[in-house]
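Below is one structure; the comments refer to it alone.
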Amino acid sequence: MALAFDEFGRPFIILREQDQKTRLRGIDAQKANIAAGKAVARILRSSLGPKGMDKMLQGPDGDVTITNDGATILEQMDVDNQIAKLMVELSRSQDYEIGDGTTGVVVMAGALLEQAERQLDRGIHPIRIAEGYEMASRVAVEHLERISQKFEFDVNNYEPLVQTCMTTLSSKIVNRCKRRLAEIAVKAVLAVADLERRDVNLDLIKVEGKVGGNLEDTELIYGILVDKDMSHPQMPKQIEDAHIAILTCPFEPPKPKTKHKVDIDTVQKFETLRKQEQQYFDEMVQKCKDVGATLVICQWGFDDEANHLLMHRNLPAVRWVGGVELELIAIATGGRIVPRFQELTPEKLGKAGMVREKSFGTTKERMLYIEHCANSKAVTIFIRGGNKMMIEETKRSIHDALCVARNLIRNKSIVYGGGAAEIACSLAVDAAADKYPGVEQYAIRAFAEALDSVPMALAENSGLQPIETLSAVKSQQLKENIPFYGIDCNDVGTNDMREQNVFETLIGKQQQILLATQVVKMILKIDDVISNSEY
Amino acid sequence: MPIDKIFKDDASEEKGERARMASFIGAMAVADLVKSTLGPKGMDKILQSTGRGHSVTVTNDGATILKSLHIDNPAAKVLVDISKVQDDEVGDGTTSVVVLAGELLREAEKLVTSKIHPMTIIAGYRMAAECARDALLKRVIDNKENAEKFRSDLMKIAMTTLCSKILSQDKEHFAEMAVDAVLRLKGSTNLEAIQIIKKPGGSLRDSFLDEGFILDKKIGIGQPKRIENAKILVANTAMDTDKVKIYGARVRVDSMTKVAEIEGAEKEKMKDKVNKILAHGINCFVNRQLIYNFPEELFADAGVLAIEHADFEGIERLGLVTGGEIASTFDNPESVKLGHCKLIEEIMIGEDKLIHFSGVEMGQACSIVLRGASHHVLDEAERSLHDALCVLSQTVNDSRVLLGGGWPEMVMAKEVDELARKTAGKKSHAIEAFSRALVAIPTTIADNAGLDSAELVAQLRAEHHTEGCNAGIDVISGAVGDMEERGIYEAFKVKQAVLLSATEAAEMILRVDEIITCAPRRREDRM
């Protein structure tokens, strides 16, 4: 073990307390790591594709999540193994970067690991495998570029975008009304997109959910939705042409930050203090009124007296609005967030065409709609659904769809889904393998084989014969030299993904391959695992 | 090669068939639990809380039962959740939705064991649910135009809802009350405006609807017990010493006289406030917060009725009823809107004195006083009435109604069956299963009533073979009868919600092929 001897033959210890640590070295370490990575991939494998199954996750507090979003499953799985954590990270980075394909990337990495294990058994050095993978991934990414297609859309013709979003949504539980949700997602993204700069700020899209109603009631609101109601029950419930004062100061007497005391020792002082207090409230409300505000949105609470004064002066107000929402409101209405009453000016007010309160169901649930904003760049997707889990899952699905739409606006290239791109890459990589003279050739072939595993999993999940289907599609692609043939998951009757309208974004696919390769390389390079044993 | 554990120590993972079985069993267990409460002859459950006092609830409201259960099975939690949502959204049908979801899963289990893929079952269920909904839509009755007929529809719905509850003995009485109360709301679904006051004593029959408003408070001592043509100021203000709100203020004195002076000033301030309030020309003052003895005395002197500590909803409702605004400052009396009512008096219900506001300006709010033998009865009565009110208020907005007594299920089952015959492929098995699950509801209703369900349901099915049949199970006479004649109606919105949420929940559970349970969060050891 980690025991070395100095020139006098005395042992000295490199690892402290080594008997309390477990250590795996060399090929054993790699194999153990591969096994762990594969185990994670195996969990996700059955969630891939439109017919993929869901996972039910019970959190540490007994809360239940049902999802088939790879990133969410892994995040909530609460894994303990280091390598498994790497896989979780992998899926998360795909989520951050692309937003979709989080399951696919893990399945891909798992397949690569599985192939690597086989190569290790042959005695190929892990570094050579890693290098081979690297080369292969480059070939695959280039090939993807080659087979990708530009696809045209603009603000008026967004049908292609909707089709792509539908591909994403069809693997989720919401596929019952995927058309509707896809349209909502695309409209939302187009509303906030900067088509000149080809950029989309997803922060401007707020996704709100409320339990109750049907999925079909989900709607896109060109404005902001706030889960709050008016501070006083008798304030008007609907304001047209609202001028909104957005405040971050409470309607309360000032609280100077420096420590201070006000000593009252005479009756006069008591009286003046009392007068002053009343004046404070009056001034505050008056200032809002003076600048022409017709609605006050405040981050903090109101004193009862102030509340009544507001109501009395016919100035509706909303209190305890969260910081993020406040910012969104400010962006949408073109107002400024005002931290002090003294700084209120008419220019700083936000403007909205319509603000209304709407109530739901039998319980006292009310929400505030702020619509027809001056700057219509902020939108809200309001999700309704049968239960909380459904809403959470819909939120995740919508998020994926939004990301896909965004990616398409950034980069218009697409590849065909349903495993078509993977099969095409696999063929290209396989063909390229023979050109490399070294040991890497084997690794590159292994990579090609690993690429096949994604369509294989798709076929398996759809209840088709995996090997039969895959080989049929592969030969079809090779024979006709068209990279559009994929797995017919929905049993439509054709393998042509162009007809089925199954697209994926080019960058999403490229990112999947690159990320998976990177992680696998990282895992392969580990040859020594030292961990604190718990016993 | 050791495959290291991926999960933390206490976490568990169940896969494939086992996961599916676990969720099926959990969900069906929950459904079976509430199954016996379904229908007019459904039984009640006693729930004993583990909290202090081991308080007991007797109920047959599905949502209430499920809410009180501690459930560990994640699939069962899904069912509890849908029942809760059903309660929030439409108020009734909380048991039906769970039973239907349970039946759907039971049928699905059979299909899964005969090697049909869950995804195929889901596809079939979806088609079936769509078809069932269309079948209902075809048969709805809408009497929105005809006010008289609409009212009688509402009455029938209310009676149908109530007949499965503890109130079934006096269902006409209560249905009348509920319909009146809801119609006063004029289309708003804000049930807050209907106040339910529970007073033990008397019998359920003595319950009544009061057009005015009843506040469960006492009138201050020495104040008038009866005011005619009352002008009411509804307020939310501190009526204690009214402390200085400026941060960091404190009183520091160096002699007793100064203390006395400041006390005097404080009193003066209070008096000022009272005077300002009196300047509104009122003879009744209702405050949400406490009124201390001193101001109360001042009010009594002025002959003003002062009511303290009315709870928040009470005050909001009072504002709604009397048309006054809820005031917190009193500097400009001329612009504050006062509330009005014809008569305020103290009334006795049982042994308690209550304040009764009658002849109010705005007729939206009203109070229902429930009387009954014990707290348990009253609690259950309140829940039942709440269900009825919810359903009615939803029906006012969506006036489509259906017949009851298992009629809608049979109509749906028939259509779904037809669809199954037309559909090719494995899906048709699932569609057929859906129809069987629908029939399970009338079967359960009959079973719970102690009737021969097999016989009755077969009869019903035969009756439904003819077009435009109105047959359903009449539990009272124990036979198949015309539901329209017996006046058993249900709201379309409730049925639709039951159908859709149950399908959604079943689908959700069916899609699961793996359950991962995280290690429970460790509590910090408190020594």
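Some notes on this structure:
- For segment A:401-412, the criterion of being farther than 24 Å from A:N501 by Cα and touching a residue at least 24 places away in the same chain (Cβ under 8 Å) is met by no residue.
- Within the set B:A75, B:A132, the sole residue that is touching a helix residue (DSSP H, G or I) at 6+ places or on another chain (Cβ under 9 Å), under 21 Å from B:G405 (Cα atoms) and open to solvent by less than 10 Å² (accessible area, probe 1.4 Å) turns out to be B:A132.
- The numbered conditions (1) under 22 Å from A:L202 (Cα atoms); (2) within 12 Å of chain B (Cβ to nearest Cβ); (3) over 18 Å from the mean Cα position of the chain (by Cα) are all true for A:V155 except (2).
- Condition met for A:T345 (more than 14 Å from every other protein chain (Cβ to nearest Cβ) and on the phi < 0 side of the Ramachandran plot): yes
One line per residue, one yes/no per condition, for (1) of a type in the set (A, V, I, L, M, F, W, C); (2) surrounded by fewer than 24 Cβ atoms within 10 Å (Cβ to Cβ); (3) more than 23 Å from B:T59 (Cβ to Cβ):
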{"position": "B:H376", "(1), (2), (3)": "no, yes, no"}
{"position": "B:R383", "(1), (2), (3)": "no, yes, no"}
{"position": "B:V391", "(1), (2), (3)": "yes, no, no"}
{"position": "B:D417", "(1), (2), (3)": "no, yes, yes"}
{"position": "B:A424", "(1), (2), (3)": "yes, yes, yes"}
{"position": "B:K427", "(1), (2), (3)": "no, yes, yes"}
{"position": "B:A437", "(1), (2), (3)": "yes, no, yes"}
{"position": "B:N448", "(1), (2), (3)": "no, yes, no"}
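- Verdict on A:R336 being at pLDDT 80 or above and within 14 Å of another protein chain (Cβ to nearest Cβ): no
- For B:K41, the test of being within 14 Å of chain A (Cβ to nearest Cβ), modelled with pLDDT of 80 or more and open to solvent by 70 Å² or more (accessible area, probe 1.4 Å) is failed.
- When A:I526, A:I530 are checked against the criterion of being hydrophobic (A, V, I, L, M, F, W, C) and at pLDDT 85 or above, A:I526 stands alone in meeting it.
- For segment A:417-447, the set of residues classified as surrounded by fewer than 24 Cβ atoms within 10 Å (Cβ to Cβ) and touching a residue at least 40 places away in the same chain (Cβ under 8 Å) consists of A:L427, A:A428, A:A432, A:A433, A:Y436, A:G438, A:V439, A:E440, A:Q441, A:Y442, listed by residue number.
- Scan of segment B:450-505 for residues that are among the β-branched types (V, I, T) and open to solvent by 70 Å² or more (accessible area, probe 1.4 Å), ordered by number: B:T466, B:I476
- If the condition is being more than 21 Å from B:K217 (Cα to Cα), crowded, with 17+ Cβ neighbours inside 10 Å and of a type in the set (D, E, K, R), then segment B:270-307 contributes only B:K273.
- Only one of A:M354, A:M367 that is more than 24 Å from A:V155 (Cα to Cα), part of a strand (DSSP E or B) and open to solvent by less than 20 Å² (accessible area, probe 1.4 Å): A:M367
- The number of residues in segment A:364-418 that are of a type in the set (S, T, Y) and within 19 Å of the chain's Cα centre (by Cα) comes to 3.
- Evaluation of B:H70 against (1) surrounded by fewer than 19 Cβ atoms within 10 Å (Cβ to Cβ); (2) more than 10 Å from chain A (Cβ to nearest Cβ) (one fails), failing number: (2)
Okay, residues lined up against (1) out of contact with any strand residue (DSSP E or B) (no Cβ under 8 Å at 6 or more places or on another chain); (2) in the same structural domain as A:V296 (by TED's automatic domain parsing); (3) open to solvent by less than 20 Å² (accessible area, probe 1.4 Å); (4) free of Cβ contacts under 8 Å to residues at least 60 places away in the same chain:
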position	(1), (2), (3), (4)
A:E134	yes, no, no, no
A:R138	yes, no, no, yes
A:Q163	no, no, no, no
A:A185	no, no, yes, no
A:A193	no, no, yes, no
A:R198	yes, no, no, no
A:E208	no, no, no, no
A:T218	no, no, yes, no
A:S231	no, yes, yes, no
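- Checked against (1) touching a strand residue (DSSP E or B) at 6+ places or on another chain (Cβ under 8 Å); (2) without any contact (Cβ under 8 Å) to a residue 24 or more places away in the chain; (3) within 14 Å of chain A (Cβ to nearest Cβ), B:I46 passes all but a single condition, namely (3).
- Test for A:N501: is it open to solvent by 20 Å² or more (accessible area, probe 1.4 Å), within 33 Å of the chain's Cα centre (by Cα) and at positive phi: yes
- Members of segment B:442-497 that are closer than 25 Å to B:K171 by Cα, touching a residue at least 40 places away in the same chain (Cβ under 8 Å) and part of a loop (DSSP other than H, G, I, E, B): B:A449, B:G450, B:N470, B:V475, B:I476, B:G487, B:I488
- Scanning segment B:37-75 for residues that are within 20 Å of the chain's Cα centre (by Cα), assigned to a loop (DSSP other than H, G, I, E, B) and among the basic types (K, R) yields no hits at all.
- Looking only at residues in segment A:461-498 that are in contact (Cβ under 8 Å) with a residue 40 or more places away in the chain and assigned to a helix (DSSP H, G or I), the one that is most open to solvent (accessible area, probe 1.4 Å) is A:L478.
- Test set (1) open to solvent by less than 50 Å² (accessible area, probe 1.4 Å); (2) within 21 Å of B:A135 (Cα to Cα); (3) within 14 Å of chain A (Cβ to nearest Cβ) - B:L510 fails condition number: (2)
Residues are listed down the side, and each one gets a yes or a no for (1) of a type in the set (A, V, I, L, M); (2) over 25 Å from the mean Cα position of the chain (by Cα); (3) in a loop (DSSP other than H, G, I, E, B):
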| position | (1), (2), (3) |
| --- | --- |
| B:I82 | yes, no, no |
| B:V98 | yes, no, no |
| B:G102 | no, no, no |
| B:K110 | no, yes, no |
| B:C131 | no, yes, no |
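- In this structure, A:V291 does not qualify as under 20 Å from A:L349 (Cα atoms), within 13 Å of chain B (Cβ to nearest Cβ), within 44 Å of the chain's Cα centre (by Cα) and open to solvent by less than 30 Å² (accessible area, probe 1.4 Å).
- Options A:P466, A:P455: the member that is touching a Lys or Arg at 6+ places or on another chain (Cβ under 9 Å) and at pLDDT 85 or above: A:P455
- Taking the listed residues A:M235, A:M311, the one that is within 8 Å of another protein chain (Cβ to nearest Cβ), in contact with a strand residue (DSSP E or B) (Cβ under 9 Å, 6 or more places away or on another chain) and under 25 Å from A:E365 (Cβ atoms) is A:M311, with no other qualifying.
- Enumeration of residues in segment B:418-441 that are closer than 15 Å to B:M119 by Cα, of a type in the set (G, A, S) and either under 36 Å from the mean Cα position of the chain (by Cα) or not in a helix (DSSP H, G or I) (or both): B:G425, B:A430, B:A433
- Helices (runs of 4 or more DSSP H) (entirely within segment A:107-216) containing at least 2 residues that are at pLDDT below 85: A:159-169, A:178-192
The values are calculated or read from the model by the stated rules, or taken from the named source; none is laboratory data. Bear in mind the structure is a predicted one, so any value in this text is a computation, not a measurement. Positions of Cβ are generated from backbone atoms using ideal geometry, with glycine treated the same way; all protein chains shown enter the neighbour counts. Heavy atoms of the whole protein, side chains included, go into the accessibility calculation; ligands, DNA and RNA do not. Shrake-Rupley method; radii C 1.70, N 1.55, O 1.52, S 1.80 Å.
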